[in-house]
Amino acid sequence: MVILPSLRLSAAVAVAFVFVSCASFARANIFVSAGDEAATHSTSDEASSVAALRDRIAKLSPSVRKDEAQRLAQCAYTNSRRLAREYRVVWPPGLQNFLIKTGARKRGYCYQWAEDLLVPLDALKLQTLEFHWGESFAGTESEHNNVVVTAKGQPFQQGLLLDCWRYGRLIWMSVVADRHYKWTENKAVAERVLKTHSSR
């Protein structure tokens, strides 16, 4: 009888690793869930993906400098790909969360994606763009966190959502176009994340 818990655990781990392999293999053909049609997804052509994001950022306001939009877009894509490698991301995100809970992965929760993307973006010290901490369903099991970019002084709800957790790669869309999540800003979290990083 003592052996049964170990057998159950071993079986669960084995099944998890089968799912890991399958999910990793399937990432090239990730299914886009209903409600995410407004999102722009990364492609294998990084230059085109960066250009598309740059152009969308530039449209946030006439005050946005195109060179800063380019730097932001490149930074977002470069770091999202780096983090995916470091996190050893699998898809769907619920599986990544499970692997973190079981110790098979170290990072990759949505708030960790947001933290680890916000820091290098903030380090750009852009003059015409600024970053915000977005949260949805705060304080619940469905809580989701992301970085939102706006033109300097622009309202949060007019911003652009940068989401890496949902598909294990960068997608972006208007804050108000997201049909799955209703986003609000949390300035205190953004300040804490940046302060914590600067004190290291």
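The values are calculated or read from the model by the stated rules, or taken from the named source; none is laboratory data. Computed from a prediction, not measured in an experiment: that's the story for all the values here. Ideal geometry is used to build each Cβ from the backbone, glycine not excepted, and the neighbour counts take in all protein chains shown.
Residue count for the stretch 66-103 satisfying the condition of being in contact with a strand residue (DSSP E or B) (Cβ under 8 Å, 6 or more places away or on another chain) and either outside any helix (DSSP H, G or I) or under 17 Å from LYS152 (Cβ atoms) (or both): 3. Annotation note: of LEU129, LEU170, LEU162, LEU124, the sole residue that is closer than 26 Å to ASP67 by Cβ and surrounded by fewer than 16 Cβ atoms within 10 Å (Cβ to Cβ) is LEU124. Being buried (at least 16 other Cβ atoms within 10 Å of the Cβ) and in a loop (DSSP other than H, G, I, E, B) is not true of VAL148.
Can ARG169 be described as in contact (Cβ under 8 Å) with a residue 40 or more places away in the chain, in contact with a Gly (Cβ under 6 Å, 6 or more places away or on another chain) and assigned to a loop (DSSP other than H, G, I, E, B)? No; evaluated as a whole, the condition is false for this residue. Criterion first (loosely packed, with under 14 Cβ neighbours inside 10 Å and either among the aliphatic types (A, V, I, L, M) or modelled with pLDDT of 95 or more (or both)) does ARG56 satisfy it? Criteria not met by ARG56.
Yes or no, residue by residue, for (1) part of a helix (DSSP H, G or I); (2) hydrophobic (A, V, I, L, M, F, W, C); (3) closer than 26 Å to ASN97 by Cα; (4) under 16 Å from the mean Cα position of the chain (by Cα):
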position	(1), (2), (3), (4)
GLN154	no, no, no, no
GLN157	yes, no, no, no
TYR181	no, no, yes, yes
ALA190	yes, yes, yes, yes
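Residues in the stretch 76-93 that are basic (Lys, Arg) and within 11 Å of the chain's Cα centre (by Cα): ARG81 alone. ASN145 meets the conditions (1) over 21 Å from VAL176 (Cβ atoms); (2) within 12 Å of the chain's Cα centre (by Cα); (3) of a type in the set (S, T, N, Q) in every case but one. The failed one is (1).
Scan GLU135, GLU115 and give me the residue that is free of Cβ contacts under 8 Å to residues at least 60 places away in the same chain and among the acidic types (Asp, Glu). So the residue among GLU135, GLU115 that is free of Cβ contacts under 8 Å to residues at least 60 places away in the same chain and among the acidic types (Asp, Glu) is GLU135.
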